[in-house]
Structure formats: C-alpha cells, structure tokens
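**Q** I'd like to ask some things about the structure below.
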Amino acid sequence: MPTVNVLTRSGEVMGNLDMSDDFVNAEVNKNVLHQVVVAQLANMRSGTASTKTRAEVVGSGRKLFRQKGTGRARAGNSKSPTRVHGGVAFGPRPRSFRQSTPKRMLRLALRSALADKFQNNNVTIIDDINLEKPKTKEMVGLLQNLGLDGKILIVLDVDNKNVYYSARNIPQVNVCTWNLLNTYDVLWHDKLLITQAAVQKLEEKFQK
C-alpha cells in the first residue's frame with residue numbers, strides 16, 4: 001500500500017497517508033487519454049462563423065429592371081449573391097464540433113491522468129489550505145514553502161473563495177474542487193496541490 005507524505009503550509013511533514021495501490025499505481029491508458037483530451041478540446045470550440053443566404057438578407061424582392069430592352073444582363077432582386085450587400089452563396093454556417101464521450105471513458109481517462117501525476121511525483125498533499133482573507137502574497141509564500149513552481153492546479157475538497165481570490169492573480173496557477181476535475185486540466189498543469197480531504201474523496205470515487 002503506497003504511503004505519501006502530508007505537508008503543512010510551512011512545508012513540514014505532519015504525517016503520512018496510506019493510499020490504495022489501485023488508485024496510485026493504476027495503469028495509464030494513453031489511448032483513452034488522447035481520445036478524451038481531443039474530445040474536450042473539440043467541445044471548447046464555438047463554431048459560430050455564419051453568413052446570410054439570399055433568403056435571409058433584408059431587402060426588397062422587386063425585380064430591379066425590366067427583363068428585355070435595356071441591354072443589360074437579366075437581373076432578379078438586389079439580394080442576389082452577385083450583388084453588393086446581397087446574400088452569400090455556399091458561405092460558412094454555424095456548426096457544432098461537439099464529440100460525445102462515454103462516462104466510463106471519462107472516468108478511466110481521469111483515473112489515468114491522476115495515476116500519471118502520482119507515479120511521476122507531481123502530486124503534493126497538504127493538510128488544509130485555510131486563508132482568513134484573500135491575500136496573493138500568502139498564496140505565493142505557501143507555494144514557495146512547498147517548493148512548487150510552474151503550472152499548478154490547486155484541488156480543494158470544498159469551494160473556498162479566499163483561496164480562489166488569492167491564487168487567481170498568480171500566472172499559471174488555478175483552483176478547482178475535487179468533483180470538477182477533468183482530464184485536460186490535470187494533464188495541462190505540471191503539478192497538483194491537493195488537500196488531504198480532497199484526495200481521500202477522489203480515492204473513494206474510484207473505488208466505487
């Protein structure tokens with residue numbers, strides 16, 4: 001059974017936490033990780049490019065001039081695609097890039113991503129992060145005490161606005177609760193800082 005250190009805010013070891021081997025040393029399924037990340041990035045796309053057809057352009061449907069006798073080409077109304085301010089022929093239309101992913105695959109991908117972080121020693125467990133008021137300086141000091149730098153994801157067991165406001169001005173540092181974790185966020189960040197209560201809830205989630 002793997003044992004991980006639980007640190008205090010000052011970076012000192014306050015105890016150990018026994019974790020399930022199936023959770024920490026789970027197999028990392030790279031194929032599922034790739035498929036889930038591609039789907040998640042696709043779902044972020046808005047696909048809002050749009051043009052109006054001749055049926056949607058505002059304008060009169062009156063024939064511009066008579067059919068014969070003018071010497072000009074036969075013309076219908078002003079909404080024709082060949083005219084300025086007319087409709088667009090074969091232009092882009094709103095589309096959805098959304099990809100549906102089975103829940104079991106999402107679960108497996110998140111489990112693989114977390115296992116990868118544990119196996120590469122990129123997870124730091126802290127007993128608690130409780131700030132009396134929002135203070136960016138305190139959060140910077142906390143991360144320095146823990147020896148964390150780069151892209152860091154702070155995972156909480158419950159929503160804490162003081163922690164969120166303290167971290168939001170620090171570049172590449174983000175905060176979320178354990179139940180909102182997703183595969184892309186776990187992989188994008190270099191290191192995870194997780195509270196003891198949050199990691200226990202995650203472990204229970206994947207044991208069900």
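**Q** Quick check on the range 61-73. Is at least one of its residues on the phi > 0 side of the Ramachandran plot, part of a loop (DSSP other than H, G, I, E, B) and small (G, A, S)?
**A** Looking for residues that are on the phi > 0 side of the Ramachandran plot, part of a loop (DSSP other than H, G, I, E, B) and small (G, A, S), one finds at least one in the range 61-73, hence yes.
**Q** Go through the range 67-88 and report how many residues are modelled with pLDDT under 95, of a type in the set (A, V, I, L, M) and surrounded by 11 or more Cβ atoms within 10 Å (Cβ to Cβ).
**A** 1
**Q** Among the residues of the range 3-59, which ones are in a loop (DSSP other than H, G, I, E, B), closer than 24 Å to I194 by Cα and touching a residue at least 24 places away in the same chain (Cβ under 8 Å)?
**A** T8, R9, S10, G11, M19, S20, N25, A26, E27, V28, N29 - these are the residues of the range 3-59 that are in a loop (DSSP other than H, G, I, E, B), closer than 24 Å to I194 by Cα and touching a residue at least 24 places away in the same chain (Cβ under 8 Å).
**Q** Taking only pairs six or more apart or across chains, which ones have beta-carbon atoms under 6 Å, a first residue in the range 100-123 that is over 17 Å from L193 (Cβ atoms) and at pLDDT 95 or above, and a second residue that is surrounded by fewer than 20 Cβ atoms within 10 Å (Cβ to Cβ) and of a type in the set (F, W, Y)?
**A** Cβ pairs passing all conditions: R111/F206.
**Q** Please list, ordered by residue number, the strands (runs of 3 or more DSSP E) wholly in the range 108-208 having 2 or more residues that are more than 20 Å from the chain's Cα centre (by Cα).
**A** Filter on the range 108-208 gives 123-126.
**Q** Return yes or no: is T183 under 23 Å from L17 (Cα atoms) and in the same structural domain as D128 (by TED's automatic domain parsing)? First the steps, then the outcome.
**A** Numbers: under 23 Å from L17 (Cα atoms): no; in the same structural domain as D128 (by TED's automatic domain parsing): yes.
No: the conditions fail for T183.
The values are calculated or read from the model by the stated rules, or taken from the named source; none is laboratory data. Given the structure is predicted, the values throughout are model-derived calculations rather than measurements. Please note: Cβ atoms are built from the backbone with ideal geometry, for glycine as well, and neighbour counts cover all protein chains shown.
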